[in-house]
Amino acid sequence: MRIAVPLKDERGLESEVCEHFGRAKYFAFVEVDDGTIKGAEVVEVPFEEHGPGDIPNFVKDHGGEVVLAYGMGRKAMAYFESLGITVVTGAYGRVKDVVEAFIHQVLEVDSHWRERIEATKHQ
């Protein structure tokens, strides 16, 4: 399985999940096999501005099957789903910890992520 995670910076597994999915400049593509992280590739997002479908297609082109993100708009979620890519929102923390928790089905997500993002827009 190949898991895509938007990053705050280019440190890969040591980075934090980027709160604003569409603003991430880097993604980690984490290779998981037999319940173990086998490796991670950091890829810079190739565009400054993006339109509907650009990031989902970018993730698909890099083999992403699952996206672990904090916040994401409904249109992006629907686009990922139309490509057969599973989306999990509310994920936060260090990427390695988030992926490990997801693999072992113990990932705790922030169910209030949408309200938190809206609150930061108005500050």
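Screening Val17, Val30, Val5 for residues that are more than 21 Å from Ser111 (Cα to Cα), surrounded by 18 or more Cβ atoms within 10 Å (Cβ to Cβ), within 13 Å of the chain's Cα centre (by Cα) and of a type in the set (A, V, I, L, M) leaves exactly one candidate, Val30. Applying the selection to segment 58-82, what residues are surrounded by 14 or more Cβ atoms within 10 Å (Cβ to Cβ), part of a loop (DSSP other than H, G, I, E, B) and in contact with a Lys or Arg (Cβ under 8 Å, 6 or more places away or on another chain)? Across segment 58-82, the qualifying residues are Gly64, Glu65. Taking residues in segment 72-86 that are within 21 Å of Leu7 (Cβ to Cβ), and partners anywhere that are assigned to a loop (DSSP other than H, G, I, E, B), the pairs with Cβ atoms closer than 8 Å and at least 6 places apart or on different chains are Met72/Thr89; Ala76/Pro52; Met77/Thr89; Tyr79/Pro52; Tyr79/Gly53; Ile85/Gly64; Ile85/Glu65; Thr86/Glu65. Scanning segment 6-41 for residues being closer than 19 Å to Ile103 by Cα, touching a residue at least 12 places away in the same chain (Cβ under 8 Å) and either in a loop (DSSP other than H, G, I, E, B) or hydrophobic (A, V, I, L, M, F, W, C) (or both) gives a total of 12. Residue pairs whose Cβ atoms lie under 7 Å apart, sitting 6 or more positions apart in sequence or on different chains, and linking a residue in segment 97-115 that is assigned to a loop (DSSP other than H, G, I, E, B) to a partner that is aromatic (Phe, Trp, Tyr), are Asp110/Tyr92. Flag not set for Ile55, criterion: outside any loop (DSSP other than H, G, I, E, B) and over 11 Å from the mean Cα position of the chain (by Cα).
The numbers here are math on the coordinates, done by the rules we state, and not lab data. Just so you know, these numbers come straight off a predicted model, no measurement behind them. Every residue, glycine among them, receives a Cβ derived from its backbone with ideal geometry; neighbour counts consider all protein chains shown.
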